[in-house]
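Visitor: Quick one: this structure, given as structure tokens, is what I'll be asking you about.
The values are calculated or read from the model by the stated rules, or taken from the named source; none is laboratory data. As the structure is a computational prediction, the values presented were derived from the model and not from experiment. Counting neighbours? That spans all protein chains shown, and the Cβs are built from the backbone with ideal geometry, glycine included. Surface accessibility is based on the protein's heavy atoms, side chains included, excluding ligands, DNA and RNA. Shrake-Rupley method; radii C 1.70, N 1.55, O 1.52, S 1.80 Å.
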Amino acid sequence: MIARITGTMLQPRLELSSPPTSNRPALSQTELVSYLMFNRPTFSLQGQAGQGSQYAAVETGLSYLSSALSSEIQRTLISDLGVPIDYIDIRAGGAGAAGLGGQTGAAQVAQVAAGWQIGRRWFVTVVADLCTNARRFYPNAEFRVSRQLRLKTSVEPAYSCQVALNQPTLSVNKYQVGFDVLWDREY
């Protein structure tokens with residue numbers, strides 16, 4: 001697949017194309033978008049009107065929408081309003097209490113992460129899982145020893161909101177701690 005981005009920063013244009021091969025003709029832009037969004041051709045989406053395909057379409061749509069929303073919020077907060085935040089990420093989660101599957105309970109509605117660079121080598125991020133009946137906050141920190149070597153520690157919930165929903169005996173507030181040594185090397 002070939003993606004060609006033209007236009008201006010304020011009005012970008014995207015053209016998708018695929019070169020023909022010996023066993024298939026070039027794909028249309030509609031087919032390429034279908035593969036990008038659903039990992040399936042359009043004909044396989046049209047024949048399925050079941051709840052599973054609707055759920056997949058909604059989840060994919062929410063993912064793309066939250067990505068665009070996150071970028072716009074980050075630009076507004078940092079550039080326009082001057083809020084001292086270096087990083088923000090908003091991700092839509094699974095269906096909530098009135099979700100598609102008819103499930104009730106603690107499903108993850110969204111995850112919001114905000115990060116700051118503290119000094120030249122320290123980066124701190126605070127992540128919030130916004131569940132329907134619980135709010136969980138946890139920190140992550142990174143120290144850059146050099147350009148190639150980073151030390152990272154993170155605290156994360158042991159169970160997602162959806163797992164805690166399906167197994168009520170599990171605690172939504174149980175956490176696990178991780179420590180990573182990351183080494184980047186270019187050859």
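Visitor: Taking the Cα-to-Cβ direction at residue 137 and at residue 185 and moving 7 Å from each Cα, how far apart do the two end points lie in nm?
Guide: About 4.1 nm, to one decimal.
Visitor: Taking the Cβ-Cβ separation of residue 75 and residue 117 as r and a Förster radius of 25 Å, what is the calculated FRET efficiency to the nearest 0.05?
Guide: 0.90
Visitor: Shifting gears a bit: Please list 187, 64 in order of solvent-accessible area, largest first, computed with a 1.4 Å probe with all protein chains present.
Guide: Per-residue accessible area, sorted high to low, gives 187, 64.
Visitor: Mind giving me the nanometre distance, one decimal, between the label points for residue 3 and residue 44, set 7 Å out from Cα along Cα→Cβ?
Guide: For residue 3 paired with residue 44, the spin-label model returns 2.1 nm.
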